[in-house]
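**Student:** Starting off with a structure, shown below.
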Amino acid sequence: MEPLPPYPALYATHAGIWIASPGGNVRGVGRGEAIALAAETPMIMLNAPLVGQRLGYPDLSGLDLLELFAFVFPARFAVPTPRGLAHALDLAVPERDADAAPFLLRVAEVLLDTMTEDWPEREGAWASAQSLSRLRWTWAPLVAQRVRRPERDERWLFSRLPDWEEQGARPQPRPVRIGEDEAVDRLIRLVGSEAEIRQGQRDYAAAAASAFAPRTTEGQPNLLLAEAGTGIGKTLGYLAPASLWAEKADGAVWISTFTKALQRQLDREGHRLFLDPEIRKRKIVIRKGRENYLCLLNLEDALQGGFAGRAAILAQLVARWATYSKDGDMVGGDMPGWLPTLFRRAGSTALTDRRGECVYAGCPHYRKCFIERSARASADADIVIANHALVMVNAARGRDVAQAPTRVVFDEGHHLFDAADSTFATILSGQETIELRRWLTGPEGKARGRRRGLAARLMDVASYDEGGAAALEAAVQAATALPGDGWLQRIAEGLPFGPLEKLLSAVRSSVYARATAQDAGYGIETEMAELDGAIVDAAAPAVTALEQLMRPLTALAKRLEAVLEDAPDWLDGQARARIEGAIAGLGWRSQLLSSWISLAARIGGPSDPDFVDWLAVERIDGREYDIGLHRRWLDPTRPLAETVLKPAHNVIVTSATLRGAEDWSGAEARTGACHIGAATHFSAASPFDYQANSEVVIVTDLKRGDVAQLAGAYARLIDAAGGGTLGLFTAIQRLKAVHARIADRLARAGLPLYAQHVDPIDTGTLVDIFRDDPRASLLGTDALRDGVDVPGHSLRLVVMEGVPWPRPTVLHAARRAAGGGSAYDDRVVRARLAQAFGRLIRSKQDRGMFLLLSAATPSRLLSAFPAGVAINRMGLDEAIDRVRSRLSTATSFGHQAAERIATQGTQ
């Protein structure tokens, strides 16, 4: 056995800083001493960016255990805390913060010792270690001592990945009808004979079964709007008839979600449908947008010198992960969400296909591509788990027509309006236009080793077809009128280049001249109305430039189609696939250009009542990052209905808060059902006893706008609950201010506090940490208000800083005017309150409280909460006493549950 690493370990929390020597001595130190020691001696630590932030030394580096864990166990899950690593490695959890520093030494020992033997992820480790040594990875010398050179040379990553297989088109699904009794019988099998099946779940499955009947009229799907209260078990309720229909009809049912958390939950439920993992792998497929998956060509570029420094180390660890990944999903899949954040700005986005620059069959790794494998697997699957955005984008762009979902279950259906709003939006901005330019001409400069613009991808076609070559050359030339690298600085300096940059410069001037709400350094905007002067003068040349680009792109698409019809001898299957990919890309980019032209031509002209148009300068902490023109549908469910719902045969839209406190007309308006015709309705109330197990408290004596009082309230409430608190904010600045005031205080009481927009950790990992520790609390904004499923022992108190009124944007003002004024605001707020309250009670055993720190909360909004829940107004002191007395048993339950989890290990 190799000797243990001769390095100390550094552990830092808001409560203090500890250093453990290799000999076992532990001592507390101050920030200055910790920084000085870390600068002169390599130290073992856990999550170096987080430790650096807590020390006030952002450039801190050392031997990060998370990097070593990712090397040893790629594609394995671990919560990035001492507690989480203890569960993952089957070690005792350190009881105190001071015990965590020597525990880190123990973790390093276990991980390094693992590599002295054969372990499941052994293959590829030696070659990867050699590459990491050349990159001067801090762990490389210790790893190299332990990973033996194999007797045979290890296969290269790209040879270890399996090829996907081409399959014939799937036949049209058979017309079948699912009986209600059949669906209930399938539900019983899925739930298990020993489990209780609630009547509400039975009724839900029966109603869902009727929605899968053959449709009778083109353009009118069988549409079911189903509201199922928390605890009904709607997931299995719709999976029962969906799986039954797929089996009998030999077709696919798409389950569409809004959050990645629900996608993971659905994937876990797959074992109930198919016990055999190999069959399950074929029958249940997760589909996401291309930007979620690792691009093997980008990875090859990175491994062969395209990345430098820390980014190159990340690429090597991603390559280790790719070998063992289930599906190559880098965002919400089996890649640890914390891995890219360890590398700060050297993130993973450059390893995905975010610019639409895929070369399809022209790629040497095309037959191993994760994206292509996922697309082909879904063609023969029974259940395809996707997201609202992917379903809508495919429909809007006319792509994957053969795989267009005709049977869809939209879970988290209350988000359909928001998803459609984003999908069918038009944004003519610097960031959007530069992406189009790069797609056409390739990246500028020498940052990338391979130019992959459209011209490079179609070089062989251009040499064969004279007309296509001319169109391609004209398109590349016209693309030079689009903004290029450095466009934002040129505009800021008053030196825009080209017609589009001049238009964006005029947009910026108009926004700053007319906007009144500076929003403390964040984005500003103004309505696109009554414009004159420089912006009107700049609009016409910009429109002309866009039209001059669109014409050759349209001509090129036609020439490529002609090449396919009259195929030359050299046009093999791969070349054909590459041309088909280019045609698809040209098609939706022509749609994009058309929408840009329409938007830019609107400047100085009359408004369109179907749309809301505005100008905006996007900023973060006062730093500009984009400028543009924006257009949204006043009612985005109209294009949703036309492009997604009407072509489908069977659609179920379901949610626990689909109606909220309204009648079905509101749900029909927000889901697009009002544009379809008749829709069937179903509702089942939650079986939970909210009256006995929950309470809503409105705190009446906090001064509005007083951050010190707000911070004090959060600290005292979290302390009274013993942690387990989700704090929700409507403004990032207040969140940061509260966190800065209370984090140290709570940590000294043994109550860790984490926060979005503060901790250098992705949101998904923050939720994992929160879920894993019953004494932890989490502060966040909108992203945590919905779609977060945390068990009751870890989440027993929800605190909202105030009524979540909508931001007074141009878009909101237009929809408010069309939707009934203040009544529209009330509907939005009630939906947000209902979603936030829904985080609290997730099982029959859960107990919790919901606090709203706003004395001015109107009573008319309180119908957002479940019927029977006690709603009381009281002062802060009384609320704290109520939290302490009501949640003391829940806290005890939390500790017991935590112990059970610790003995079972972490998923």
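**Student:** Under 5 Å between amide hydrogens, which residues at least 5 positions from Leu851 or on another chain qualify, with H placed 1.01 Å from N in the peptide plane?
**Tutor:** HN-HN under 5 Å from Leu851: Val697, Val798, Val799, Met800.
**Student:** Same structure, new question: Using amide H atoms built 1.01 Å from N in the peptide plane, name the residues 5+ places from Ile17, or on other chains, whose amide H lies under 5 Å from its own.
**Tutor:** Excluding prolines and chain starts, which carry no amide H, the hits are Val29.
**Student:** For region 818-880, what's the relative contact order in percent, using C-alpha pairs closer than 8 Å and at least 6 residues apart?
**Tutor:** Details: 20 pairs, mean separation 22.4, N = 63.
Relative contact order comes out at 36 percent.
**Student:** Cross-link partners among aspartates and glutamates for Lys558, C-alpha distance below 16 Å, same-chain residues fewer than 8 apart left out?
**Tutor:** In chain and number order, the partners are Asp465, Glu466, Glu473, Asp566, Glu580.
**Student:** Among 793-803, 603-613, what's the highest-first ranking by average C-beta atoms within 10 angstrom per residue? Please report the intermediate quantities before stating the final value.
**Tutor:** Details: 793-803: 23.8, 603-613: 15.0.
Ranking, from highest mean packing down: 793-803, 603-613.
**Student:** Quick check on region 549-603: what does the Kirkwood estimate of hydrodynamic radius come out to from the alpha carbon pairs, in Å?
**Tutor:** Numbers: mean 1/r = 0.0811 Å⁻¹.
In region 549-603 this quantity evaluates to 12.3 Å.
**Student:** Does region 686-750 classify as rounded, prolate or oblate by the C-alpha gyration tensor (a ≥ b ≥ c root eigenvalues; a/c under 1.5 gives rounded; else a/b over b/c gives prolate, otherwise oblate)? Please report the intermediate quantities before stating the final value.
**Tutor:** Details: a/c = 2.11, a/b = 1.51, b/c = 1.40.
Prolate, because a/c is 1.5 or more and a/b exceeds b/c.
**Student:** For region 281-296, in order, what is each residue's ³J(HN,Hα) by Karplus, 6.51 cos²θ - 1.76 cosθ + 1.60 with θ = phi - 60°, in whole Hz (x at glycine and Pro)?
**Tutor:** Taking θ as phi minus 60°, the curve returns 4, 7, 8, 10, 10, 9, 10, 9, x, 4, 5, 8, 9, 5, 8, 5 Hz for region 281-296.
**Student:** In percent, what relative contact order does region 690-904 have, based on Cα pairs under 8 Å that are 6 or more apart in sequence?
**Tutor:** Relative contact order of region 690-904: 34 percent.
**Student:** What is the spin-label model distance, in nm, from Ser422 to Ala470 if the labels are put 7 Å beyond Cα along the C-beta direction?
**Tutor:** Distance between the two pseudo-spin positions: 4.4 nm.
**Student:** Here's a follow-up. Report relative contact order for the chain in percent, whole number only (criteria: Cα-Cα under 8 Å, sequence separation at least 6). Please list the in-between numbers first.
**Tutor:** Numbers: 1600 pairs, mean separation 127.6, N = 907.
Across the chain, relative contact order equals 14 percent.
**Student:** Here's another thing I want to ask about it. Multiply the residue gap between Arg310 and Ser859 by 0.36 nm, knock off their C-alpha separation, and tell me the result in nm, one decimal place.
**Tutor:** Values: separation 549, 0.36 × 549 = 197.64 nm, distance 5.42 nm.
Going from the current span to full extension adds 192.2 nm.
**Student:** With +1 on each Lys and Arg Cβ and -1 on each Asp and Glu Cβ, and nothing else charged, work out how big the dipole of region 33-183 is about its Cα centre, in Debye to the nearest 20.
**Tutor:** Values: 17 positive and 24 negative charges, 74 e Å.
Charge dipole of region 33-183: 360 debye, to the nearest 20.
**Student:** I would also like to ask the following. Dipole size in debye (nearest 20) for the chain around its Cα centre, Lys and Arg Cβ +1, Asp and Glu Cβ -1? Write down the numbers at each step before the final one.
**Tutor:** Numbers: 106 positive and 110 negative charges, 169 e Å.
Using Cβ point charges on Lys, Arg, Asp and Glu, the chain gives about 820 debye.
**Student:** With a ≥ b ≥ c the root eigenvalues of the C-alpha gyration tensor of the chain, is it rounded (a/c under 1.5), prolate (a/b larger than b/c) or oblate?
**Tutor:** Numbers: a/c = 1.29, a/b = 1.11, b/c = 1.15.
Here the chain falls in the rounded category.
**Student:** Subtract the Cα-Cα distance of Asp621 and Glu493 from 0.36 nm times their separation in residues, and report this length gain in nm to one decimal. Numbers along the way, then the final one.
**Tutor:** Values: separation 128, 0.36 × 128 = 46.08 nm, distance 1.97 nm.
Going from the current span to full extension adds 44.1 nm.
**Student:** Please name which of Ile761, Leu795, Leu751 has its Cα lying farthest along the dipole of region 684-802 towards the positive end, using unit charges on Cβ (Lys, Arg +1; Asp, Glu -1) and the Cα centre as origin.
**Tutor:** Working it through, the farthest residue towards the positive pole turns out to be Leu751.
**Student:** Contour minus end-to-end for Arg76 and Arg807, with contour as 0.36 nm per residue of separation and end-to-end as the Cα-Cα distance?
**Tutor:** Values: separation 731, 0.36 × 731 = 263.16 nm, distance 4.01 nm.
This chain segment gains 259.1 nm when fully extended.
**Student:** DSSP beta bridges in the chain, what fraction antiparallel, as a percent rounded to 5?
**Tutor:** Working: 30 of 83 bridges.
DSSP beta bridges in the chain are roughly 35 percent antiparallel.
**Student:** Let's test the formula: R0 of 35 Å, r as the Cβ-Cβ distance of Arg367 and Ser131. What FRET efficiency results, to the nearest 0.05? Walk me through the intermediate numbers first.
**Tutor:** Numbers: r = 24 Å, r/R0 = 0.70.
Efficiency for this residue pair is about 0.90.
**Student:** Still on this structure, I have one more. For the pair Glu166 and Arg268, how long in nm is the line joining their label points, each one 7 Å along Cα→Cβ?
**Tutor:** 4.0
**Student:** Based on DSSP H runs of at least 4 residues, each adding -39500 (n - 2.57), what is the mean residue ellipticity at 222 nm of the chain after dividing by all its residues, to the nearest 500 deg cm²/dmol? Show your work: numbers first, answer last.
**Tutor:** Values: 36 runs with 419 residues, N = 907.
Per the formula, -14000 deg cm²/dmol.
**Student:** Okay, next question. With just the Cα atoms defining each centre, how far is region 601-630 from region 113-140? Give it in Å.
**Tutor:** Cα centroid to Cα centroid, the span is 50 Å.
**Student:** Return the sequence-ordered ³J(HN,Hα) values of region 600-610 in whole Hz as given by the Karplus equation 6.51 cos²θ - 1.76 cosθ + 1.60 applied to θ = phi - 60°, using x for Gly and Pro.
**Tutor:** Rounded to whole hertz, the list is 5, 5, 6, 4, x, x, x, 7, 9, x, 7.
**Student:** In addition: Rounded, prolate or oblate for region 45-175? Axes are the square roots of the Cα gyration tensor eigenvalues, ordered a ≥ b ≥ c, and the cut-off for rounded is a/c under 1.5.
**Tutor:** Verdict is prolate for region 45-175.
**Student:** Same structure, new question: What whole-number distance in Å separates the alpha-carbon centres of region 548-576 and region 353-391?
**Tutor:** Value for the Cα centre distance between the two parts: 22 Å.
**Student:** Would you work out the Kirkwood radius for region 127-210? I mean one over the mean of 1/r across all pairs of different Cα atoms, in Å. Walk me through the intermediate numbers first.
**Tutor:** Details: mean 1/r = 0.0521 Å⁻¹.
Hydrodynamic radius (Kirkwood, Cα only) of region 127-210 equals 19.2 Å.
**Student:** Over region 426-633, one equal point on each Cα, no solvent: what is log10 I(q)/I(0) by the Debye formula at q = 0.12, 0.14, 0.17 Å⁻¹?
**Tutor:** -0.67, -0.85, -1.11
**Student:** Please work out the FRET efficiency for the pair Lys736 and Thr349, using the Cβ-Cβ distance as r and a Förster radius of 25 Å; give the result to the nearest 0.05. Don't skip to the answer; put the middle values down first.
**Tutor:** Values: r = 24 Å, r/R0 = 0.98.
Once the sixth-power term is evaluated, E becomes 0.55.
**Student:** Quick query: amide H of Val409 versus all other amide H atoms, modeled in the peptide plane; which residues come in under 5 Å with a sequence gap of 5 or more or a different chain?
**Tutor:** Trp254, Ile255, Ser256, Ile652
**Student:** Still on this structure, I have one more. Rank-order 335-342, 157-164 by packing density, defined as the average count of other C-beta atoms within 10 Å over each peptide's residues, highest first.
**Tutor:** Values: 335-342: 22.6, 157-164: 14.5.
Result, highest mean Cβ count within 10 Å first: 335-342, 157-164.
**Student:** Here's something else I'd like to know. Using θ = phi - 60° and the Karplus curve 6.51 cos²θ - 1.76 cosθ + 1.60, what whole-Hz ³J(HN,Hα) does each residue of region 621-635 get, with Gly and Pro shown as x?
**Tutor:** After applying 6.51 cos²θ - 1.76 cosθ + 1.60, I find 6, x, 9, 6, 10, 7, 9, x, 9, 10, 9, 10, 5, 4, 10 Hz.
**Student:** May I ask you to list the lysines whose Cα is less than 19 Å away from that of Lys736, ignoring any residue fewer than eight positions away on the same chain?
**Tutor:** Lys703
**Student:** Using a Cα-Cα cut-off of under 18 Å, which lysines could be cross-linked to Lys326, ignoring same-chain neighbours fewer than 8 residues away?
**Tutor:** The qualifying lysines are Lys260, Lys281, Lys283, Lys288, Lys368.
**Student:** Let me ask something else about it. Measure out, as a whole number of angstrom, how far apart the alpha-carbon centroids of region 778-805 and region 255-308 sit.
**Tutor:** First find each Cα centre; the distance between them is then 27 Å.
**Student:** Another question, then. Can you give the FRET efficiency for Arg177 and Ala36, using 1/(1 + (r/R0)^6), R0 = 60 Å, r = Cβ-Cβ distance, to the nearest 0.05? Walk me through the intermediate numbers first.
**Tutor:** Details: r = 75 Å, r/R0 = 1.25.
Efficiency, from the Cβ-Cβ distance: 0.20.
**Student:** Given labels modelled 7 Å from the Cα in the Cβ direction, how far is it in nm from Asp789 to Tyr512?
**Tutor:** For Asp789 paired with Tyr512, the spin-label model returns 4.8 nm.
Bear in mind these aren't lab numbers, they're just calculated from the coordinates by the rules spelled out. Keep in mind that this is a model prediction, so the values were computed, not measured. Neighbour counts are summed over all protein chains in view; Cβ atoms, including those assigned to glycine, are modelled from backbone coordinates with ideal geometry.
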